[in-house]
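Beneath this line is the structure, given in structure tokens, with notes to follow.
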Amino acid sequence: MALTETRPDTDETLTSSLSANPAATTVDGILGSGDHKTIGRLWIGFGTFFIVVGLALALVASLELADLGALAIFDDADQLTQLWSLGRDLLLFAGLVPVLIGIATYVVPLQVGSSSIAFPRGAAAAFWTWFVATDVLVLAYIMNGGPAGGRLDYVLLWTLALGTMVVSLLWAMICIATTVLGARAAGMSLERVPATSWSFLVFSVSGLLSLPILLAELVLAHLDVKYGFLPTKADRTVLVAILDTLNLAPAVFWVGVPILGMAVDSIGVHSGRPARFHKSILAVIGVYGFVAYGADLLSFAWRGRPVAFDNGLLVVAILLAVVPVLLTLGLVGDSLAKGKAKLNTPLIAALLSGLLLLVASAGAILGLVDPFLGFIETVSGNTIDFSFDLVGTSFYEGVRALVVGAAVLGIIGGVHHWAHKIWGRSLEDRLGWLSVLAAAGGALIWGVALIVGGFLGQQRPPFVTIDPDNSIEIVSWIGVVGIALLLAGVLLLLLNVLGAVAGRVGSAAEPWRGTTLEWATASPPAAGNFVEAPIVRSATPLADLDPSSGVVTSNDTSDDEGAAS
Amino acid sequence: MTDITVYEAIPARVKAPEPARPRLLLIGSALASAGVIMLMAGLLGIYIKTRADVIASGETWLPSGTTIPLTQPNMMAITLIFSVVIMVWAISSLSRDDRANTYIALGLVLLMGFAFISQTAYLLSIMDMGAADSPQANLIYAVIGTHLAIVGAAMAYVLVMGLRTLGGEYNARDREGVYGAALFWYVSVGLYMAVWFAIYITK
């Protein structure tokens, strides 16, 4: 592939006729664009904003909950439930998943050597539908809608808005998955797809196969509310359980799938040594997606109830979730051990996101102890005088907090890694370090505080715990500090990005280069992404670049050892 | 007498280029189909479980006074099965560049779709079941309504691809869009068979 090529002489007649047309304004360029780069930036920008809003709402709700026994901020418990639920809706469906989709929309077509995302107008429509639906969702809450809302019309609006958000996210996932499956460069077989693109394929397909069930629940909830089967506010609190299914372990591990892929690519670049066992890593990420998908399905069947040992498949899903994370970290450990790792923001964020995901997966296993002991009691007929009593406590919220933290760290790492590709400027590394440390520390503190609170008997939010000896109150306040730190980490990222876009921080020089195709084009790439359609012969096409010809042609190095070379 | 030179057909030396982005619409359609299958699977799963719980508690599933006749659901099934055959006709015609037959077949598929929607509306009217009367009725309406929406989406897809074929975008060399629409149509028909068995047959 000729990477730098003189453009052919332009037809002057054509040029003059084109210049006669009015130039596209910035507004035209944003609102009417089907360019995956513009759409990706929009997803990332607005998604990050909603992560900040979601975490800020979680912080306010936690402040209220930490002050045990009294409502200091809100007038009644319903308001607290509304705010807590809004924060949860926004964090997942308006924050984490949209930012991940944004990174995928921007990076995946470049990584697979495509000139655009599949169905560009569909991808743009997905973003704008999601954007409007998210605004309507917030409006529904403001007008006393939401799952514990008092005004029926706005509760109906909440179900419609949330359903529309889910449909638009699914639509975006179809575009991403189709790009990986059908728009790859010549020679890029599925086993040569970079880990990030592969993980987004797994993420999208497992989302496509599990999120429609959430949609089915929302259809039924809408009709139940509309036709008077949930007449009182107390009845409508069951609607909160609809979102529990995706927010609690093991289903929430689904968000971790692309985190693993991004970590693999990032570590490969910043250690100077691409992952050696490429195919094995793809297989492991696929297994993680399969486990997360299975867990999603089972969680929907379980509808937000705590895990029980008689649901053997759910137990297996929780037990299995830790294995792929551990294996992925082990497999990329080779790059770290044998490469020359540069301790920069993307590398640290990638490592810490993987480790947090590992802690979350391992932590979820603790929740199996009680059901396991109950199972032993049933089988043996003997009474066991030991129990953690985690049912209905904040334990699983703690696991969720760790996964949220891992996702935030993955996003920080991913945005730093591809910032130059996305905005044409790298981000400030020292500020990046600060954001990573704040986010990692915050997520760990928040998650562990909730897990410990669960062991002490702290009720699941948004339920207020009565605490006679103040031990839970202390843990709750520690959790508040954790959320505040995590929020600070995201704000620092936002500050860094805004500074880079304004040209105040970072550098215009390309800070690093990888061996996958996105590094073969300009930063940011021009329309069409590549001067010529790339031809790929291994999982690391740029490592095969013949410097004398500037063409990607080399021996076939599709095996694991070759990929490493 | 005029000499007439007869030229034999000259085989093309260069194969016609493939479509620029092959298979994208078909892959997208397959993914969307998987999504709607899971949507209906979720609804039917909840329906079957709720029905089993109600029957296990000793009650009857359908509200008193509600009857589901079999004639209309069976006719609807036959209509959709015919539409599948006609869709195969459309694809076969397109693969031979027989555009007239393609348009007729795609038009007939749309007609079958309208007939299905019309029959469903009639069936719901004679079932005499208000959505607010009971949770069972609510659930039945949710399943039937969602499936109707899927059939509507499939009809819109067939219509758009038909118009694109009319505009010359799809032909014997590039049939992908019509293939994608056909796949989504087959899935919507398959889903009706599940609804037919779960709701109309088992009642």
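Of all complete DSSP H helices in chain B, those with a Cα span along the helix axis of 20 Å or greater and a mean Kyte-Doolittle hydropathy of 1.6 or more are B:24-56.
Averaging 1/r over each pair of different alpha-carbon atoms in the stretch A:84-171 and inverting the result gives 13.8 Å, the Kirkwood hydrodynamic radius. Peptide A:172-181 has a mean shielding of 4, counted as Cβ atoms of other protein chains within 10 Å of each residue's Cβ. In the protein assembly as shown, helices alone account for a calculated mean residue ellipticity at 222 nm of -23000 deg cm²/dmol, with every DSSP H run of four or more residues adding -39,500 (n - 2.57). Using the Cα coordinates of chain B, the gyration tensor eigenvalues translate into equivalent-ellipsoid semi-axes of 46, 18, 12 Å, sorted from longest to shortest.
With contacts taken as Cα pairs under 8 Å and at least 6 residues apart, chain A reaches a relative contact order of 18 percent.
Toward the positive end of the charge dipole of chain A, with +1 on the Cβ of Lys and Arg and -1 on the Cβ of Asp and Glu, the farthest Cα among A:A439, A:P534, A:L59 is that of A:P534.
The alpha-carbon positions of the stretch B:13-121 define a convex hull whose volume is 136 Å³ per residue. Working from Cα positions, state the angle (0 to 90°, nearest 10) between the long axis of helix A:256-270 and the longest principal axis of chain A. On a 0 to 90 degree scale, this one is about 40.
Using the Cβ of A:R504 as centre and a radius below 15 Å, the other residues enclosed give a net charge of 0, where K and R count +1 and D and E count -1. Remark: A:V264, A:V531, A:V316 ranked as A:V316, A:V531, A:V264, counting other beta-carbon atoms within 10 Å and listing the fewest first.
Only one residue of A:A341, A:V399, A:F375 has its Cα farthest out toward the positive end of the dipole of the stretch A:314-410, where Lys and Arg carry +1 and Asp and Glu -1 on Cβ, and that residue is A:A341. For chain A, the longest principal axis of the Cα atoms and the long axis of helix A:195-226 meet at an angle of about 40 degrees. The alpha carbon radius of gyration of the stretch A:162-267, expressed as a multiple of 2.2 N^0.38 Å, is 1.37.
Relative to the compact-globule estimate of 2.2 N^0.38 Å, the Cα radius of gyration of the stretch B:81-173 comes out at 1.38. Counting every Cα pair in the stretch A:374-458, what percent are over 15 Å apart? Here the long-distance tail beyond 15 Å is 68 percent of all Cα pairs in the stretch A:374-458. Say the dipole of the protein assembly as shown comes from +1 at the beta carbon of Lys and Arg and -1 at that of Asp and Glu; which of A:G410, A:L356, A:V332 then lies farthest toward its positive end? In the protein assembly as shown, that residue is A:V332.
The 3J(HN,Hα) values that the Karplus relation (6.51, -1.76, 1.60; θ = phi - 60°) gives for the stretch A:230-237 are, in residue order, 10, x, 9, 4, 5, 4, 6, 5 Hz. Gly and Pro appear as x. Using the average count of surrounding beta-carbon atoms within 10 Å as a protection proxy, the listed peptides A:144-157, B:57-70 rank, highest first, as A:144-157, B:57-70.
Taking the fewest neighbouring Cβ atoms within 10 Å as the starting point, the ordered list for A:L211, A:L190 is A:L190, A:L211. Compared with the dominant Cα axis of chain A, that is its longest principal axis, helix A:77-89 is turned about 20°. Relative contact order of chain B, taken over Cα pairs closer than 8 Å and 6 or more residues apart, is 34 percent.
Under 5 Å from the amide H of A:G506 lie the amide H atoms of A:E428, each residue being 5 or more positions distant or on a separate chain, with H modelled from the backbone and absent for Pro and chain starts.
Evaluated with a Cβ-only charge set (Lys, Arg +1; Asp, Glu -1), the stretch B:77-197 carries a dipole of roughly 260 debye about its Cα centre, given to the nearest 20.
Placing +1 on the Cβ of every Lys and Arg and -1 on the Cβ of every Asp and Glu, with nothing else charged, gives the protein assembly as shown a dipole about its Cα centre of roughly 980 debye.
Here the protein assembly as shown is treated as a sphere whose radius is the Kirkwood value from Cα pairs; by Stokes-Einstein at 4 °C and 1.567 mPa s it diffuses with a coefficient of 46 µm²/s. As a rough footprinting exposure proxy, the listed residues A:H417, A:H270 were ranked by other beta carbons within 10 Å of their own, and the order from fewest upward is A:H270, A:H417.
Phi angles across the stretch A:368-381 convert, under the Karplus curve 6.51 cos²θ - 1.76 cosθ + 1.60 with θ = phi - 60°, into 3J(HN,Hα) values of 8, 4, 4, x, 5, 5, x, 5, 4, 4, 5, 6, 7, x Hz, Gly and Pro given as x.
Among the residues of A:211-221, the average count of other protein chain beta-carbon atoms within 10 Å of the residue beta-carbon is 6.
Simple point charges give the picture: +1 on the Cβ of Lys and Arg, -1 on the Cβ of Asp and Glu, and for the stretch A:421-500 a dipole about the Cα centre of about 420 debye. Which of the lysines could a cross-linker span from A:K340 if the Cα-Cα distance has to be under 28 Å and same-chain partners fewer than 8 positions apart are dropped? The reachable lysines, counting only those whose Cα sits under 28 Å from A:K340, are A:K279, A:K421.
No value in this document is a laboratory result; all are computed from the given coordinates. Keep in mind it's a predicted model, so treat the numbers as computed, not measured. Here the Cβ is made from the backbone with ideal geometry for all residues, glycine too, and neighbour counts use every protein chain on show.
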